[in-house]
Amino acid sequence: MTAKLTQHQLTRRQILGMIALQTAATAGLTRIGLQSAQAVEPAAVTTATAIVVGSGYGGAVAALRLGQAGITTVVLEMGRLWNTPGADGKIFCNTANPDQRSMWFKTRTEAPLASFLWLDVVNKDITPYPGALDRVHYDSMSVYVGRGVGGGSLVNGGMAVTPRQSYFTEQFPTVDATAMYNTYFPRARTMLGVNTIDPTWFESTEWYQFTRTSRKAATNTGLTTTFVPNVYDFGYMQQEAAGTATKSALAQEVIYGNNYGKKSLDKTYLASALGTGKVTIHTMEKVKAVTRASDGSYVLTVDRIDDTGTVVETKQYSCTYLFLGGGSLGTTELLVRARDTGTLPALNSSVGAGWGPNGNTMLGRANHIWDTTGANQSTMPVMGIDDWANTDNPVFAEIAPLPIGFETWVSLYLAITKNPQRASFTYDSASGTVKLGWTAAQSAVSVAMAKKLFDRINSANATIYRSDLFGTPSKVFADDFCYHPLGGCVLGNATDNYGRVKGYSKLYVTDGSLVPGNIGVNPFVTITALAERTLERVLAEDF
Ligand code: FAE
C-alpha cells in the first residue's frame with residue numbers, strides 16, 4: 001500500500017479534485033466528491049468503509065491515502081468550503097479589513113495583536129458566521145485553529161519546518177527516525193509543495209526588510225538565524241512584488257486566509273484525495289459523539305449547521321474504520337467525552353493527557369529609529385532565530401511580520417520554547433464540556449525562556465520590548481494564546497506506535513494530538529509526516 005505515485009498521476013488527480021472543489025463552491029454544494037465537477041452533489045451516504053473526522057493535515061493525508069487504496073471514504077468537516085468569492089470578489093478577507101469571513105462565529109475579531117500604541121484599533125465588530133479562524137477559549141489559554149476544508153492550512157503562516165532529528169528522537173523515542181527523515185518527512189514536504197525563498201531576492205526586496213532588521217539584531221547578539229521553507233509559492237510572491245500578479249501575501253492576507261499563492265491542503269492533498277473518486281467531503285458537519293455498535297462498527301452523531309450556526313439536522317453515520325483528524329483540540333475532546341460518558345469506555349487514561357502549546361510566546365521589540373522594518377511586509381515568515389542547541393535555554397524564534405501598512409519599528413517574534421509543562425483535558429459532566437487544565441504558571445515557564453533570549457538581544461542592541469501590542473494593561477509577552485496546540489492523544493500512550501487507539505481496533509488518530517506537547521519548530525510538517533507513516537502501516541496491515 002506504499003504510495004507509488006508519479007507526478008503525472010498526482011497532477012491529474014489534483015486537477016480533477018480542484019475542478020470538483022471549484023464547481024462545488026460555485027454551485028453551493030455542501031458535499032463534495034468527483035461528481036461535483038459536473039455540479040452534481042454526491043448522494044448523502046451515511047455509511048462508509050472509512051470516515052475521517054476533520055480535513056486539516058492529519059485528516060487530509062488519511063483521505064488521500066485511503067482514496068488511493070480504493071477505500072470509500074467520507075470526510076466530515078465542521079467548517080465550510082472556502083472557494084466562493086464574497087461581494088468584494090475575494091474568497092478571504094485580509095487582516096486590515098476583517099469582516100464576517102474572518103472568524104468562527106464571533107461578534108468581534110480576536111486578533112493575536114490586540115492593540116497598537118495601546119489603542120483598540122486592530123479588532124473590528126463582525127457578524128457571526130462560519131469564518132476561517134477560530135480562537136477557542138479555555139481558562140488560562142486560548143488556542144487559534146483553522147476551520148474549513150483544509151483546517152489550519154487555510155490560516156497559518158505556511159512555515160514548513162522539519163524538526164532537528166535529535167529533538168524529534170527525544171520526543172518520539174519509539175519512532176524509527178531514519179525512516180522518518182529518509183521517507184516520511186521528504187514525502188510530506190513534496191506533497192505539501194514546500195519551497196524556499198530566493199536568497200538574492202530576499203536580500204533586496206522591501207517586503208523582507210523587517211526580517212533583515214531582526215536578523216541584524218540577532219547577529220549582533222552572536223545568535224544564528226536560519227532560512228525557513230514555506231508552502232507559499234515564492235515565485236508567485238515575486239510576481240506580486242513586480243506588480244504582475246494579484247497581491248495576497250503582500251496584501252495583508254494570512255490569518256483569515258490567503259486568496260492566492262498559498263498551497264493550502266485543498267490545493268494539494270485534498271484535491272488529490274477527491275481526484276481518486278473514492279473520497280467525499282461533507283462540510284458544515286460537526287461530529288458530536290462516537291460510539292461502537294455491537295457489530296464493531298463506529299457510529300457517529302453529527303450536527304449539520306447552517307451559516308448562522310443553527311443545527312439544521314442531526315444525523316448518524318457508521319463506518320468500519322474511523323480516522324480522527326480533528327486536530328489536538330477536536331480529536332482529544334471527542335475521545336475524552338467518549339471515554340468519560342461511557343460511549344467508548346475502554347479508552348485509557350492517557351487520552352486527554354500530554355497537551356502543550358509548543359512553548360509558544362509572542363513578543364515585540366522596539367528598534368532604533370534608523371533600524372526600520374518597512375511599511376511593506378510580506379505576511380509569510382521566512383526566517384527563524386535558532387538557539388535550540390543552547391541547552392541552558394533552548395528557543396527557536398520565528399521572525400514574524402507586522403503587516404499594517406506603515407513603519408512601526410517593531411520586530412515581532414513567535415518564540416517556540418522548550419517548555420516541559422504539560423496539561424490534561426477533562427470532561428466536566430455538569431456543563432457537558434471538555435476543559436483544559438493549562439495554568440498561567442505553566443505559561444510563565446515559556447515566558448521566562450523567551451525573556452532570557454530576548455533580554456540578550458535587547459542588551460546587545462540597546463533596545464527595549466514593546467508593551468503596547470497585546471492589549472491593556474501593558475503586556476510584553478503574549479502568553480495566553482497559542483498557534484500550535486499539540487498532544488492530548490500522545491503517540492505510544494493513548495495510541496500504539498502507529499496511531500491506533502488503545503482499547504479499540506480500527507480506530508486511529510492522525511493529527512497534532514499525537515505530538516507530545518512540543519516539537520521545537522512549527523508543527524505541520526511533523527504532523528503530516530507522522531500521518532503518512534501511520535497510513536502506510538495501517539493500509540498494509542489492517543485492511
Ligand atoms: P487542523 O489543521 O487543526 O485540522 C482539524 C480540522 O478538523 C479543522 O478543519 C476543524 O474544523 C475540524 N474539526 C475539528 N473538530 C471537528 C469535529 N468534531 N467534527 C468535524 N470537524 C472537526 O489539525 N504550523 C506550521 O507548521 N507553520 C506555520 O507557519 C503555522 N502558522 C500558524 C498560524 C496560525 C494563525 C495558526 C492558527 C496555526 C499555525 N500553525 C502553523 C499550526 C498548524 O496550522 C497546525 O499545527 C495544524 O493545522 C494542525 O494540523 P491538524 O491536522 O492537527
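Restricting Gln238, Gln171, Gln165 to residues that are polar (S, T, N, Q), at pLDDT 95 or above, surrounded by fewer than 22 Cβ atoms within 10 Å (Cβ to Cβ) and over 30 Å from Ala494 (Cβ atoms) narrows the list to Gln238.
Starting from residues that are in a strand (DSSP E or B) and open to solvent by 40 Å² or more (accessible area, probe 1.4 Å), keep the ones in the range 113-131 and report whichever is farthest from the ligand (Cβ to nearest atom). Here the residue is Leu119. Restricting attention to the range 509-543, the residues being aromatic (Phe, Trp, Tyr) and part of a helix (DSSP H, G or I) number 1. Considering each of Val476, Val509, Val501 in turn, give the residue that is of a type outside the set (Ser, Thr, Tyr) and away from the ligand (no atom under 16 Å from the Cβ). From the options Val476, Val509, Val501, the qualifying one is Val476. Only residues that are among the polar types (S, T, N, Q) and open to solvent by 10 Å² or more (accessible area, probe 1.4 Å) were counted in the range 490-521, giving 3.
Looking across the range 152-175 at every residue that is touching a Leu at 6+ places or on another chain (Cβ under 7 Å) and within 12 Å of the ligand (Cβ to nearest atom), the one that is nearest to Cys93 (Cα to Cα) is identified as Val155. If the condition is being farther than 30 Å from Pro186 by Cβ, open to solvent by 10 Å² or more (accessible area, probe 1.4 Å) and not in a loop (DSSP other than H, G, I, E, B), then the range 135-162 contributes Arg135, Val136, His137.
When only residues in the range 74-88 that are out of contact with any strand residue (DSSP E or B) (no Cβ under 8 Å at 6 or more places or on another chain) and not β-branched (Val, Ile, Thr) count, which is least open to solvent (accessible area, probe 1.4 Å)? Filtering the range 74-88 for residues that are out of contact with any strand residue (DSSP E or B) (no Cβ under 8 Å at 6 or more places or on another chain) and not β-branched (Val, Ile, Thr), the one least open to solvent (accessible area, probe 1.4 Å) comes out as Trp82. Among the residues making up the range 409-441, those that are open to solvent by 20 Å² or more (accessible area, probe 1.4 Å), over 25 Å from Ala218 (Cβ atoms) and touching a strand residue (DSSP E or B) at 6+ places or on another chain (Cβ under 7 Å) are Gln421, Arg422, Ser424, Thr426, Tyr427, Asp428, Lys435, Gly437.
Based on this model, can you work out whether Arg101 counts as within 26 Å of the chain's Cα centre (by Cα), under 30 Å from Phe116 (Cα atoms), crowded, with 19+ Cβ neighbours inside 10 Å and away from the ligand (no atom under 13 Å from the Cβ)? Against the criterion (within 26 Å of the chain's Cα centre (by Cα), under 30 Å from Phe116 (Cα atoms), crowded, with 19+ Cβ neighbours inside 10 Å and away from the ligand (no atom under 13 Å from the Cβ)), Arg101 qualifies.
Of all residues in the range 450-479, exactly one satisfies the criterion of being surrounded by fewer than 19 Cβ atoms within 10 Å (Cβ to Cβ) and of a type in the set (Asp, Glu), namely Asp455.
Confirm whether Gly487 is modelled with pLDDT of 95 or more, of a type outside the set (Phe, Trp, Tyr), at positive phi and buried (at least 20 other Cβ atoms within 10 Å of the Cβ). Considered against the rule, which asks whether it is modelled with pLDDT of 95 or more, of a type outside the set (Phe, Trp, Tyr), at positive phi and buried (at least 20 other Cβ atoms within 10 Å of the Cβ), Gly487 comes out as yes.
Pairs are defined by a Cβ separation below 6 Å, a sequence spacing of at least 6 or placement on different chains, a first member in the range 214-229 that is in contact (Cβ under 8 Å) with a residue 12 or more places away in the chain, and a second member that is of a type in the set (D, E, K, R) and surrounded by 15 or more Cβ atoms within 10 Å (Cβ to Cβ); the pairs so defined are Thr221/Arg456; Leu223/Asp387; Thr224/Asp386; Thr225/Arg215; Thr226/Asp386. Evaluating Arg80 against the criteria (1) under 18 Å from the mean Cα position of the chain (by Cα); (2) more than 14 Å from the ligand (Cβ to nearest atom); (3) farther than 22 Å from Cys482 by Cα; (4) among the basic types (Lys, Arg) leaves one unmet condition, (2). Across the range 1-21, the qualifying residues are those that are at pLDDT 85 or above and more than 16 Å from the ligand (Cβ to nearest atom), and the one among them that is surrounded by the fewest Cβ atoms within 10 Å (Cβ to Cβ) is Ile15. Flag not set for Thr178, criterion: more than 11 Å from the ligand (Cβ to nearest atom), open to solvent by 30 Å² or more (accessible area, probe 1.4 Å), under 29 Å from Ala273 (Cα atoms) and in the same structural domain as Lys278 (by TED's automatic domain parsing). The combined condition, being away from the ligand (no atom under 16 Å from the Cβ) and touching a Phe, Trp or Tyr at 6+ places or on another chain (Cβ under 9 Å), is not fulfilled by Asp134. On inspection, Lys286 does not qualify as within 19 Å of the chain's Cα centre (by Cα) and closer than 19 Å to Ala25 by Cβ. For Trp207, the criteria (1) within 30 Å of Ala462 (Cβ to Cβ); (2) in a loop (DSSP other than H, G, I, E, B); (3) more than 16 Å from the ligand (Cβ to nearest atom) hold in every case but one, which is (2). State whether one or more residues within the range 185-203 are outside the structural domain of Glu407 (by TED's automatic domain parsing), at pLDDT 95 or above, among the aromatic types (Phe, Trp, Tyr) and more than 28 Å from Arg456 (Cα to Cα). Yes, because at least one residue in the range 185-203 is outside the structural domain of Glu407 (by TED's automatic domain parsing), at pLDDT 95 or above, among the aromatic types (Phe, Trp, Tyr) and more than 28 Å from Arg456 (Cα to Cα).
What about Ile91, is it open to solvent by less than 30 Å² (accessible area, probe 1.4 Å) and more than 15 Å from the ligand (Cβ to nearest atom)? The answer is no for Ile91.
The condition of being within 16 Å of the ligand (Cβ to nearest atom) and open to solvent by less than 20 Å² (accessible area, probe 1.4 Å) does not hold for Gly67.
The values are calculated or read from the model by the stated rules, or taken from the named source; none is laboratory data. Computed from a predicted structure; not experimentally measured. Backbone-built Cβ (ideal geometry, glycine too); neighbour counts: all protein chains shown. Heads up: the accessible areas ignore ligands, DNA and RNA and are worked out on the full protein's heavy atoms, side chains in. Shrake-Rupley method; radii C 1.70, N 1.55, O 1.52, S 1.80 Å.
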